[in-house]
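The values are calculated or read from the model by the stated rules, or taken from the named source; none is laboratory data. Note that the coordinates shown come from a computational prediction; the quantities given were computed from them, not determined experimentally. For neighbour counting, all protein chains shown are included, and Cβ atoms are generated from backbone atoms with ideal geometry for every residue, glycine included.
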Amino acid sequence: MTEPTERVYHVGLAVASLEGLFQPPLSEALRASWQAGTSVTRYGRTWHLARMTGQIGFVGDTSVQTMFFDHSAGDFVTGDAPSGILVPFAIRLRDGVIAYQLRPGLVREASFTGALQALLNAPGREFVWVIRQAVESRTWEEWRQGVEKITGFNIRLERPNPHYGQDHLIEEAVEGIRLEYLRLTGTALQEGINTDADLFRQAVNHVLRDYGRAAIHGVDPRGEESTWVKLKGMVGSVTARLKVRAVGQSAIEESELVSVLESSQEVEASADLRGLGDEREEE
């Protein structure tokens with residue numbers, strides 16, 4: 001095992017809740033649903049639920065090369081071993097808020113929430129769990145000022161009532177083709193999206209006027225990914241995440257996650273994003 005060093009851990013927040021009329025205490029439902037050894041496969045990763053210590057983890061389809069010195073043979077020996085990673089988390093039982101370790105490039109928000117929800121809802125379980133990302137309110141202007149470039153978007157534009165305002169390109173597309181809604185999806189070139197382009201600007205404005213919904217992705221000056229989401233009838237929001245600086249191994253200590261929960265206020269769960277078609281799951 002490597003020596004503990006000072007690290008910056010990325011921590012995400014989520015909210016666990018139960019569906020259905022019968023709502024027992026979360027602690028009771030969690031004990032009933034938590035069965036160590038449960039496994040689910042999602043996007044080529046097999047996730048496993050460990051003992052009730054606040055960890056899930058996955059084993060991928062790919063392998064990593066290992067090497068050791070065989071003293072009996074007097075030579076180095078190479079081989080393959082499954083690749084995988086642990087994701088520590090902690091749950092605040094009074095309201096279902098979860099703090100968990102993000103793994104940049106390996107485990108995104110949707111990776112964790114989707115896997116934990118599937119594990120707790122494995123066949124034979126008594127309760128139906130919903131695990132959603134936690135979000136913070138953010139206007140389009142506030143979010144745009146905090147990102148260095150926009151890397152992609154998924155926007156659904158709906159026929160307005162009563163008018164399109166100055167969004168003439170949107171009006172021409174929807175009315176000219178005779179559509180109930182129009183979906184725009186794009187991935188940027190290296191330099192990022194041109195946010196001053198008329199089509200993009202009018203599409204965002206149409207959503208801000210509450211005639212559609214959008215998920216827009218970007219990176220901040222430090223290279224951190226961020227997604228701004230605007231759903232109809234709701235304010236814009238971004239996924240809640242924070243950084244924790246502590247001495248430790250690659251996996252964050254449970255005590256650090258508990259400290260995050262103790263200092264976190266009430267958080268809001270993300271709305272249902274189905275229909276936008278962009279969970280930002282493993283790529």
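Only one of these is outside the structural domain of SER264 (by TED's automatic domain parsing) and farther than 21 Å from VAL229 by Cβ: VAL147, VAL174. Name it.
Exactly one residue qualifies, and that residue is VAL174.
Which is within 13 Å of ALA99 (Cα to Cα) and modelled with pLDDT under 85, of GLU266, GLU283?
Result of the check over GLU266, GLU283: GLU266.
Applying the selection to the stretch 122-137, what residues are over 19 Å from the mean Cα position of the chain (by Cα) and surrounded by 14 or more Cβ atoms within 10 Å (Cβ to Cβ)?
Listed by number, the residues that qualify are ARG125, PHE127, VAL128.
If the Cβ limit is 6 Å and pairs must be 6+ apart or interchain, which residue in the stretch 40-68 that is under 18 Å from GLN117 (Cβ atoms) pairs with which residue that is at pLDDT below 80 and not in a strand (DSSP E or B)?
What qualifies is TYR43/GLU281; TYR43/GLU282.
Just to confirm my filter: which strands (runs of 3 or more DSSP E) fall fully inside the stretch 138-254 and include at least 3 residues that are under 19 Å from the mean Cα position of the chain (by Cα)?
Those strands (runs of 3 or more DSSP E) span 149-158, 212-219, 225-230, 237-239, 241-248.
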